[in-house]
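Right, one structure below, let's go through it.
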Amino acid sequence: MTGAGLNHNTIVLNIGRELSAELKKRPCRAVASGMKVSIQSANAGTYPGLLAFCGAPDFQDERQDLLLNPCPIIEVLSKSTEAYDRGDKFAMDRLIPSLREYLLVSQYRVQAERYTRGADGRWPLSEFNRSEDRIPLASVDCELALDEVYDKVEFVQD
């Protein structure tokens, strides 16, 4: 997301650092914003804050700029994008066959919400709001520590 504030950028970098470290020497890769995800069944695409995939990247074409196989998508919420990230964007992203987890991270308080695709196609919610919480990302077999996600983030009271 262009024009994002300090907290947003710090959280994205922290998650990217932690996720990359967890996936090091494994057949999975983390990618930060800028990689477009193709949703073929909706003839659409989105730009996640972060994503990861395992195995070989699956691209829509030889340009290698439209990824088809993210397994978790991670969004850092802002006031201007939160409704879209929770609503229409999540509805489209759920159409991606490889997607197993959708993680929403607040930049205004310690809070993360993880939706996981169930065998029945439902997306139950798990909430994490204590700095000592660890968020399991089963789709890439790792965890994110909330205290690391929010390292150096200073919350401003409205």
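Laid out as a table, the results:
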| read-out | value |
| --- | --- |
| Meets criteria (charged (D, E, K, R) and within 21 Å of GLY34 (Cα to Cα)) for LYS89 | yes |
| Test: residue in region 65-84 that is of a type in the set (A, V, I, L, M, F, W, C) and touching a His at 6+ places or on another chain (Cβ under 7 Å) | yes |
| Strands (runs of 3 or more DSSP E) completely within region 67-158 that count 1 or more residues being touching a helix residue (DSSP H, G or I) at 6+ places or on another chain (Cβ under 8 Å) and of a type in the set (S, T, N, Q) | 112-116 |
| All positions within region 89-104 that are in contact with a Cys (Cβ under 8 Å, 6 or more places away or on another chain) and basic (Lys, Arg) | ARG100 |
| In region 106-123, residue surrounded by the fewest Cβ atoms within 10 Å (Cβ to Cβ) [restricted to those that are touching a residue at least 24 places away in the same chain (Cβ under 8 Å) and more than 14 Å from the chain's Cα centre (by Cα)] | ARG109 |
| Number of positions in region 63-86 that are among the small types (Gly, Ala, Ser) and within 15 Å of the chain's Cα centre (by Cα) | 1 |
| Filtered residues of region 1-17 (kept if closer than 16 Å to ILE73 by Cα and assigned to a loop (DSSP other than H, G, I, E, B)) | MET1 |
| Meets criteria (touching a residue at least 12 places away in the same chain (Cβ under 8 Å), β-branched (Val, Ile, Thr) and more than 22 Å from ASP147 (Cβ to Cβ)) for THR10 | no |
| Output for region 18-58, where each listed residue is without any contact (Cβ under 8 Å) to a residue 12 or more places away in the chain, outside any loop (DSSP other than H, G, I, E, B) and either surrounded by 13 or more Cβ atoms within 10 Å (Cβ to Cβ) or at positive phi (or both) | SER20 |
| Matching option when the condition is surrounded by fewer than 19 Cβ atoms within 10 Å (Cβ to Cβ) and without any contact (Cβ under 8 Å) to a residue 12 or more places away in the chain, among SER80, SER126 | SER80 |
| Cβ-Cβ under 6 Å pairs, at least 6 apart or on other chains, region 143-158 side over 13 Å from VAL12 (Cβ atoms), far side among the charged types (D, E, K, R) and surrounded by fewer than 16 Cβ atoms within 10 Å (Cβ to Cβ) | GLU143/ARG134; ALA145/ARG134 |
| Hits in region 124-146 (condition: closer than 18 Å to SER78 by Cα and within 12 Å of the chain's Cα centre (by Cα)) | none |
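Where a number appears in this text, it was derived from the coordinates with a stated rule and is not lab data. From a predicted model like this one, the values you see are computed outputs, not experimental measurements. Counting neighbours? That spans all protein chains shown, and the Cβs are built from the backbone with ideal geometry, glycine included.
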